[in-house]
Amino acid sequence: MKKYSVLLAIFALVLASLACQTVMGGGNSFQAPEEPYVTELPQTEGDVEIPTVPPITTDDNGGVTVGGESEFPVTSDAFNVINAAGTLTFQTKMSSDEVLKFYRDEFSKQGYTEDTSLAITFGKTFTLAFNGHSSGKVIYVVGADAGDGSLYVTITLG
């Protein structure tokens, strides 16, 4: 039984990884630069703009939040929240059944419809898919047991 749980967890993480790679444009699309090659950095005058770092906050329990607000909802007890490149990841102490109910309720309120043909639930591991995003992409919600009584939850467009 545990063997299947581990295999399903690996499958869910691979699915999330592939979805992230698709969102990030992964693949073999490298193009060599055309000549002439730049061998020196251009000289600039005046102030140089330094990119801003996403906001990072911590809570009293040591939880970290990186990247600010997301378009996707999070559970009320979410901690270790990371929002980067259209992917939201966090941990929650809610049960997998509670998280499933939360996202089914929240996304249906926002007008998204669940694609039940892509739904996988096995123990504390799950994958949900919702259609209706303005980008035309599918919203994937993937959860896996963190092993410490919490769940890792990842939400991405794919």
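The values are calculated or read from the model by the stated rules, or taken from the named source; none is laboratory data. Since the model is a prediction, treat every value here as computed from it, not as a measurement. So basically every Cβ, Gly included, is an ideal-geometry build from the backbone, and we count neighbours across all protein chains shown.
So the values come out like this:
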{"read-out": "Tabulated pairs, the range 139-158, first touching a residue at least 24 places away in the same chain (Cβ under 8 Å) and closer than 14 Å to ASN80 by Cα, second among the polar types (S, T, N, Q) and not in a strand (DSSP E or B), C-beta under 7 angstrom, 6+ apart or interchain", "value": "LEU151/SER96"}
{"read-out": "Members of the range 86-103 found to be on the phi < 0 side of the Ramachandran plot and within 17 Å of the chain's Cα centre (by Cα), listed by number", "value": "THR87, LEU88, THR89, PHE90, GLN91, THR92, SER96, VAL99, LEU100, PHE102, TYR103"}
{"read-out": "Sole exception among (1) at pLDDT 90 or above; (2) in a loop (DSSP other than H, G, I, E, B); (3) more than 20 Å from VAL138 (Cα to Cα) for ASP60, by number", "value": "(1)"}
{"read-out": "Positions within the range 146-158 being out of contact with any helix residue (DSSP H, G or I) (no Cβ under 7 Å at 6 or more places or on another chain) and surrounded by 15 or more Cβ atoms within 10 Å (Cβ to Cβ), in sequence order", "value": "ALA146, SER150, TYR152, ILE155"}
{"read-out": "Candidate set from the range 79-96 (those that are modelled with pLDDT of 90 or more and not in a strand (DSSP E or B)); member that is surrounded by the fewest Cβ atoms within 10 Å (Cβ to Cβ)", "value": "SER95"}
